[in-house]
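> Just dropping this structure here.
The values are calculated or read from the model by the stated rules, or taken from the named source; none is laboratory data. Keep in mind it's a predicted model, so treat the numbers as computed, not measured. Here the Cβ positions follow ideal geometry from the backbone for every residue, glycine too, while neighbour counts run over all protein chains shown. Ligands, DNA and RNA are stripped out before the accessible areas are found, and what is left, the full protein with its side chains, is counted by its heavy atoms. Shrake-Rupley method; radii C 1.70, N 1.55, O 1.52, S 1.80 Å.
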Amino acid sequence: MTTKEQKSKAYMNPYLAGVLLGIILLMAYFVSGRGLGASGAIKSAIVTTVDAVAPAHAEKASYFSDYKEAHPKPMKAWLVFEMLGVLVGGFLSGALSGRLKLKVEHSPKITSKRRLIFALIGGVLFGFGSQLGRGCTSGSALSGMAVLSLGGFISMAAIFGTGYALAYFVRKNWI
Amino acid sequence: MGPLVANEIITTDTNLVFAFLIGIGFGFVLEGAGFSSSRKLAGVFYGYDTVVLKVFFTAAITAMIGLLFLSLFGWIDLSLIYINPTFLYSAIAGGVIMGAGFILGGFCPGTSFCGASIGKIDAMVFIVGLILGIFIFGEGYPLWEDFYKAKFLGIPKISEFMGIKDGLMALIIVLVAFGMFWIGEWAEKKFPREEY
């Protein structure tokens with residue numbers, strides 16, 4: 001193994017990363033009175049886009065128009081700024097560790113095409129589920145657990161429980 | 001004192017600056033821990049890499065204990081914190097659908113942005129899927145609006161649900177988390193993989 005490969009493999013100790021992430025989550029609560037999130041930022045972007053492209057339609061779609069009413073400027077939202085930060089932070093970490101590379105990551109047993117098809121299907125399901133469940137892994141499960149929210153624990157159990165229940169059937173994709 | 005924005009110690013615009021800074025920290029730690037790699041993330045479901053379990057639960061218990069102590073010292077007013085309301089049916093169904101998305105797609109929303117930030121094309125495609133999924137939910141909303149709003153439980157805490165104090169609940173969760181770390185370490189030895 002060359003030095004460069006060794007360097008690119010060097011991930012942070014997971015428990016240290018967990019403590020740091022916990023402190024960041026704690027800061028979000030202390031400063032902003034809310035937890036971390038992700039899917040909500042995409043929702044803001046979609047509401048803004050639908051409103052710009054087809055305002056009459058956005059008015060009729062009550063899920064979007066209700067959101068627009070509660071948040072008149074959807075892009076000036078906490079989660080939008082936070083997720084822009086995630087892109088910057090992820091990029092900085094990747095740059096410092098020599099991991100910046102355009103590629104499709106997949107098991108050697110499957111093709112890139114298969115990986116991308118599954119990524120798309122997975123994304124559609126996760127996006128849909130995050131709206132139904134009122135938040136994703138970060139917004140509902142992680143942030144909810146930190147404040148002892150029953151809903152956060154239900155989300156966590158349902159997400160990971162289903163992952164384990166289905167893991168056997170798609171094992172070829174990963175192992 | 002805290003939350004700073006709710007107590008008007010900082011303005012809502014300054015709050016957005018903090019959102020950006022907090023996001024940078026969030027993305028930096030996720031990427032640094034390896035959450036930009038779908039194969040590392042999926043490892044938790046097969047035992048060969050349980051980084052998800054370790055980071056996720058360490059973060060949850062760190063923040064949980066931190067909030068309890070800040071509240072104990074009177075440094076944060078927990079009643080001013082936003083907590084997601086619990087709607088039982090949609091929480092379970094949403095979680096099940098997200099779990100299926102996780103094992104098929106290999107990311108969750110936060111980690112897909114993290115993966116995309118370092119050039120993972122599979123993460124970018126996952127984000128396209130997220131956009132479609134959220135759009136479909138919004139477009140078909142009348143079809144599942146009743147289900148979405150069914151079985152509203154308010155904003156219950158797990159400690160209230162179990163009928164015990166927050167501190168004792170936190171202690172139990174910490175002990176459960178340590179048990180899971182032990183299982184995680186065991187699984188990585190039992191189902192090792194050299195290259196992925």
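> I want to check the label-to-label distance for B:F73 and B:F152. Put each point 7 Å from Cα in the C-beta direction and report it in nm to one decimal.
Placing both labels 7 Å along Cα→Cβ, they lie 3.7 nm apart.
> Averaged per residue, what accessible area in Å² does the protein assembly as shown show with a 1.4 Å probe, protein chains only?
Here the residues of the protein assembly as shown average 43 Å² of exposed surface.
> Taking amide hydrogens as modeled 1.01 Å from N in the peptide plane, which residues meet the under 5 Å criterion relative to A:S149, leaving out close sequence neighbours?
Amide H to amide H, under 5 Å and 5 or more residues apart or across chains, A:S149 pairs with B:I158.
> Given 10 Å bins starting at zero, what is the percent of C-alpha pairs of the protein assembly as shown in each, up to the one with the largest pair distance?
6, 25, 36, 25, 8, 1
> Using only helices, what value at 222 nm comes out for chain B when you add -39,500 (n - 2.57) per DSSP H run of length 4 or more and divide by the total residues, to the nearest 500 deg cm²/dmol? Before the final figure, lay out each step's value.
Numbers: 9 runs with 133 residues, N = 196.
Dividing the helical sum by the residues of chain B leaves -22000 deg cm²/dmol.
> Under a plain spin-label model, where a point goes 7 Å from the Cα along Cα-to-Cβ, how far apart in nm are B:V128 and B:I9?
Roughly 4.5 nm, to one decimal.
> Calculate, in whole percent, how much of the Cα-Cα pair population of segment A:36-101 lies beyond 19 Å. Write out the running numbers ahead of the final one.
On the way: 914 of 2145 pairs.
More than 19 Å apart: 43 percent of the Cα pairs in segment A:36-101.
> Continuing with this model, one more query. Rank-order B:128-139, B:148-159, B:12-23 by packing density, defined as the average count of other C-beta atoms within 10 Å over each peptide's residues, highest first. Intermediate values should be presented prior to the final figure.
Details: B:128-139: 21.8, B:148-159: 15.0, B:12-23: 18.4.
Most protected by this proxy first, the peptides run B:128-139, B:12-23, B:148-159.
> Another one. Taking 7 Å along the Cα-to-C-beta vector as the label spot, tell me the A:K103-B:R193 distance in nanometres, rounded to one decimal.
The modelled label-to-label distance comes out at 1.5 nm.
> Tally Lys and Arg at +1 and Asp and Glu at -1 over the other residues with C-beta under 13 Å from the C-beta of A:A61: what net charge comes out?
Values: positive: A:K43, A:K60, A:K68; negative: A:D51, A:E59, A:D66, A:E69, B:E139, B:E145.
Cβ neighbours under 13 Å give a net charge of -3.
> Heavy-atom accessible surface, probe 1.4 Å, ligands and DNA/RNA ignored: which residues of segment A:97-119 lose at least 30 Å² versus the isolated chain?
When all protein chains are present, A:R99, A:L102, A:K103, A:E105, A:R115, A:L116, A:F118, A:A119 each give up 30 Å² or more of accessible surface.
> Give me log10 I(q)/I(0) at q = 0.19 Å⁻¹ for chain B, Debye formula, one equal scatterer per alpha-carbon, no solvent.
Values returned for q = 0.19 Å⁻¹ are -1.48.
> Going by amide H atoms built from the backbone, whose H comes under 5 Å of the H on B:G2, apart from near neighbours?
Excluding prolines and chain starts, which carry no amide H, the hits are B:I76, B:D77.
> B:Y46's amide H: which non-local residues (gap 5+, or another chain) put their own amide H closer than 5 Å, with H modeled 1.01 Å from N in plane and none for Pro or chain starts?
Answer set, sorted by chain and number: none.
> Given a Förster distance of 51 Å, report the FRET efficiency between A:K76 and A:Y164 from their Cβ-Cβ distance, rounded to the nearest 0.05. Numbers along the way, then the final one.
On the way: r = 39 Å, r/R0 = 0.77.
Efficiency, from the Cβ-Cβ distance: 0.85.
> Which is farthest toward the positive dipole end of chain B among B:L67, B:P3, B:G47, measuring Cα position about the Cα centre, with Cβ charges +1 (Lys, Arg) and -1 (Asp, Glu)?
Comparing the listed Cα positions along the dipole, B:G47 ranks first.
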